[in-house]
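Bear in mind that the values in this text are calculations on the coordinates, not laboratory data. Bear in mind that the values here come from a model prediction, so they are computed numbers and not experimental data. Note: ideal-geometry Cβ built from the backbone for every residue, glycine included; neighbour counts use all protein chains shown.
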Amino acid sequence: MDSNILLEELQSIFRDILDQPDLVLTRGSNANNVEDWDSLAHINLVTAIEKRYKIKFALGELQELKDVGDMIDLIQVKLAAK
Amino acid sequence: MNEYRWSDIHLGLKHEFEATFSAEDANAFAALSGDVNPLHVDEAYAIDAGFPGPVLFGMLTSSLYSRLAGVYLPGKYALLQGIDLDFSSPVHAGDVLHVAGEVVFMNEAYERFEIKATIRKADRKLVSKAMIRVGFHGK
């Protein structure tokens, strides 16, 4: 899946989970520069992404992610392996 | 009380139980929550509004979802993280409520699972349905 489409879809998921309808997500977005992206919200985001794309993350994979761009890359790897 | 840990949880794991609330329970809930809406505590008002008696608070009957997670699924080590809840029909004091929940999603990375749960009356009429997100404490 194209990374720009993925970013757009993730933006929709983030807006819903974080209750920020105007949130603009970029590849550089991370928990430090997105308001209310705390640990519980993070679990909710990961869960929503797993459901949306029918993929599973390992804890180690998630711990290596620095930002949304890394998440997009990981999702693409997971989707390609399906 | 169950003492399930993450390794005990699997898709399809179920639990169910029954419960009943009294008018005294509703009054106690009104006092605790401060929700003194007459539909829930004033019989004459509720009848005038078209109900056979005071309607039990939705949040009171929904407290059974807390019991489902905290006592049964997974029980002792539960850490309730969220509930999406919809109400479908009113409940009155004395109604027997049947609570049922089933594990429908597991997040391996963060060891959190989701329970699809319902509360139904004795005639199987749906009272409410919920998606409950539960993790663990005390690992």
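Among the residues of the range A:56-67, is there at least one that is out of contact with any Asp or Glu (no Cβ under 6 Å at 6 or more places or on another chain), more than 9 Å from every other protein chain (Cβ to nearest Cβ) and farther than 21 Å from residue B:112 by Cα?
Yes, there is a match, as at least one residue in the range A:56-67 is out of contact with any Asp or Glu (no Cβ under 6 Å at 6 or more places or on another chain), more than 9 Å from every other protein chain (Cβ to nearest Cβ) and farther than 21 Å from residue B:112 by Cα.
Which of the residues spanning the range A:28-49 are touching a Leu at 6+ places or on another chain (Cβ under 9 Å), more than 8 Å from every other protein chain (Cβ to nearest Cβ) and part of a helix (DSSP H, G or I)?
Selection gives A:41, A:42, A:45, A:49.
May I ask you to list the residues in the range B:31-61 that are hydroxyl-bearing (Ser, Thr, Tyr) and either surrounded by 14 or more Cβ atoms within 10 Å (Cβ to Cβ) or outside any helix (DSSP H, G or I) (or both)?
B:45, B:61
Within the range B:85-102, identify whether any single residue is within 14 Å of chain A (Cβ to nearest Cβ), touching a residue at least 12 places away in the same chain (Cβ under 8 Å), surrounded by fewer than 15 Cβ atoms within 10 Å (Cβ to Cβ) and within 27 Å of residue A:41 (Cα to Cα), and answer yes or no.
For the range B:85-102, residues within 14 Å of chain A (Cβ to nearest Cβ), touching a residue at least 12 places away in the same chain (Cβ under 8 Å), surrounded by fewer than 15 Cβ atoms within 10 Å (Cβ to Cβ) and within 27 Å of residue A:41 (Cα to Cα): absent.
Which residue out of A:52, A:15 is among the basic types (Lys, Arg), in a helix (DSSP H, G or I) and within 14 Å of chain B (Cβ to nearest Cβ)?
A:52
Restricting to the range B:108-139, what's the tally of residues that are of a type in the set (A, V, I, L, M), within 14 Å of another protein chain (Cβ to nearest Cβ) and in contact with a Lys or Arg (Cβ under 7 Å, 6 or more places away or on another chain)?
Total satisfying the criteria: 2.
Residues are listed down the side, and each one gets a yes or a no for (1) closer than 21 Å to residue B:83 by Cβ; (2) in contact (Cβ under 8 Å) with a residue 40 or more places away in the chain; (3) exposed (fewer than 15 other Cβ atoms within 10 Å of the Cβ):
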{"site": "A:6", "(1), (2), (3)": "no, yes, no"}
{"site": "A:16", "(1), (2), (3)": "yes, no, yes"}
{"site": "A:28", "(1), (2), (3)": "no, yes, yes"}
{"site": "A:31", "(1), (2), (3)": "no, no, no"}
{"site": "A:35", "(1), (2), (3)": "no, no, yes"}
{"site": "A:43", "(1), (2), (3)": "yes, no, no"}
{"site": "A:57", "(1), (2), (3)": "no, no, no"}
{"site": "A:63", "(1), (2), (3)": "no, no, yes"}
{"site": "A:68", "(1), (2), (3)": "no, yes, no"}
